[in-house]
Structure formats: structure tokens, C-alpha cells
Amino acid sequence: WGVPRPSGLGAVTEVSGDLFAGEYRYGLTHVRLADGLEGAPVYSAPFQLDDGGIVLTGLPELAGHKLNVYLIGQNGDHAYLAGSTTNAAFAFSGKNETLTIPCRTDNLDVAPAGTVAAFSGGRVLVASGITLFASRPHMVESFDYLRDFKQFTSPITLIQPVDDGIYVGTTTELVFMAGSELDKMTYRQVLAGPVVLGSGVQVQGDLIRGGQPGTAMICIADRVLVAGFSDGGISRLTEGRFTTDVAEVAATFRMIDRIPQYIAVPQ
């Protein structure tokens, strides 16, 4: 899932060329040939350049991908594209003023290894421990770990988007995050109690007793079946009639003979 960082950096050899003398670093990214998706860079240690050109050898290769090579000059903050290669070698001896295209995947990475995932508002949401990570908007294979995340007080067990926000369940609470932009979402606890891993499913709100139009969700929280609606309101559907201490399920929602059915199979 996504384009990985290169596994190595190879070796640099100085040759004659037109680059200014000084200290440089180079960076490498993999670019998927099928669709042009570029992964995150790895950067070399600084090296001194006096003769104006470089040759890189022993570069990491990845089937179905090319390598983009970037250069960072002395006291520079940004990496600029020097060229591309489809094999393990690359050379550059051009002028500094030709380095104009910046690396746009700094701080991006592949999705974290997670336990729960969902799609909402052009982003993929992935839970890893107590942290909810979001991909960049409309870049579902690229994640910025430094800015696009929300942290909770206990491990996340549920991510269930609805029309006007996202329900997030943990081992201690059910939270409704209202809004459509991750940075501006507001946190509100709607239920205190553990949410069962795998229990969240999306349903039509008007199929739930006392429900409303729009999307809704059903999950197992605080030992009972709970419905959550698009406005953040919840209904404890089986309060006083059914409870369960199950820890993990595989859940689905279906209609049989126009009768709505929620099915959760213990795992």
C-alpha cells in the first residue's frame, strides 16, 4: 500500500561538471511507473563537491518503479530534482540554476500498520494504537505523520464515518468528531464504555428505530448495541434487553425480506 522509501543510497563519486563548489546532499525517491505516484525520500549524509559533478552507483532498484534523484546545496533547506533513472546508476553535471523542481513528498510516508481503516472525505483513515492517522486529501496512499493525526486516550477499535462527522471508538469510550476537515473536527464523548473491535457498520438512519434520514452506524459499545446518527446523537438499542461481553467481532448489516439485520460473529 503506497510507494516505499528507497532501501539504500548507493555511493557518490565526484566528476567534473558545472555545479558550484560546496557541500551537498542528495535524495532518492521511488516513483511508480503505472501511475506516477512518488514515495517519500531518503537523504544522504553531506559530502563536499569541488569539481562540479556527481555519479551515483549501487542505487536501490524496485520493480515497476523509477528513481528520482534530488540535490540539496550548501545551507539549503529544499531538495530539487536533478533527474531520474530506471537502473542503479545516475550522473549529473549540470548547472545549479537548472535545479528548479522541488521534492513534494518530504514528510510523506506510506500508511502505518493499523488495526482499523475507513474512507472519508477523500482521505483514508487508519488507526494505529491510540493514534488516528489520515492520508493527504485525495492522496490515499500518502500520509503526513507530522500533521494529519488525532490522538486518543486508549487504543482505537472503531472508525465509522457518517454524513456530518466520524465516530471513533476506543477501549474506553465512543467519540463523535463533528465536521468534514480533520484539522477543525471537534471532539465529543457520546458514550463512556469500551467499543468492540470490528463491530462498526454503516446503515441508513431511517432503518433504525427512532432514526433519521442520512447515514448512521451501529456498533457494540458499553456491552449493548448502539446506533449513532449523523448529528452525533446515539441510541442504546438493546439497553435492558441484551448485553454482551464479546471482545472482537466481524460485523455486517443486511436486509432480508425487508427486515434489517445486524450480524456480529465473535472472532
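Tabulated data for the structure shown
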| quantity | calculated |
| --- | --- |
| Compactness relative to 2.2 N^0.38 Å, alpha carbon Rg of the chain | 1.36 |
| Virtual spin-label span in nm between Asp106 and Glu181, 7 Å along Cα→Cβ | 2.4 nm |
| Phi to ³J(HN,Hα) by Karplus 6.51 cos²θ - 1.76 cosθ + 1.60 over segment 96-109, Hz, x for Gly, Pro | 4, 5, 7, 8, 10, 9, x, 7, 9, 10, 4, 6, 8, 7 |
| Stretchable slack from Gln204 to Arg147, in nm (0.36 nm times residue separation minus alpha-carbon distance) | 17.3 nm |
| Estimated inter-spin distance, Val42 and Val265, nm [label 7 Å along Cα→Cβ] | 4.1 nm |
| Fully extended contour minus Cα-Cα distance, from Thr244 to Glu97, at 0.36 nm per residue | 46.2 nm |
| Span from the segment 199-267 Cα centroid across to the segment 8-59 one, whole angstrom | 54 Å |
| Qualifying lysines (Cα of each under 20 Å from Cα of Lys184; at least 8 residues distant if same chain) | Lys150 |
| Placed amide H near Ser120: partners under 5 Å, 5+ positions off or other chain | Leu125 |
| Rg over Rh [alpha-carbon atoms, Kirkwood Rh] for segment 26-94 | 0.96 |
| Solvent-accessible area, 1.4 Å probe, carbon plus sulfur percent, for the chain | 51 percent |
| Segment 44-166: radius of gyration over Cα atoms, expressed as a fraction of 2.2 N^0.38 Å | 1.43 |
| For segment 72-193, accessible area per residue (1.4 Å probe, heavy atoms of protein chains only), Å² | 49 Å² |
| Antiparallel DSSP beta bridges within the chain, as percent of all bridges there, nearest 5 | 100 percent |
| DSSP-assigned coil residues among trypsin sites (Lys or Arg not before Pro) in segment 117-216, each with at most 16 further Cβ atoms within 10 Å | Arg147, Arg209 |
| Integer Hz, Karplus 6.51/-1.76/1.60 couplings in order for segment 25-32, x for Gly and Pro | 9, 10, x, 10, 9, 8, 10, 6 |
| For a label point 7 Å along the Cα-to-beta-carbon line of Ser16, residues of segment 52-68 with backbone N under 16 Å | 52-55 |
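The values are calculated or read from the model by the stated rules, or taken from the named source; none is laboratory data. Note that the structure is a prediction, hence the values are computed from the model and not measured. FYI the Cβ positions are ideal-geometry reconstructions off the backbone, even for glycines, and counts take in every protein chain you see. Remember, those area values only see protein heavy atoms, side chains included, never the ligands or the DNA or RNA. Shrake-Rupley method; radii C 1.70, N 1.55, O 1.52, S 1.80 Å.
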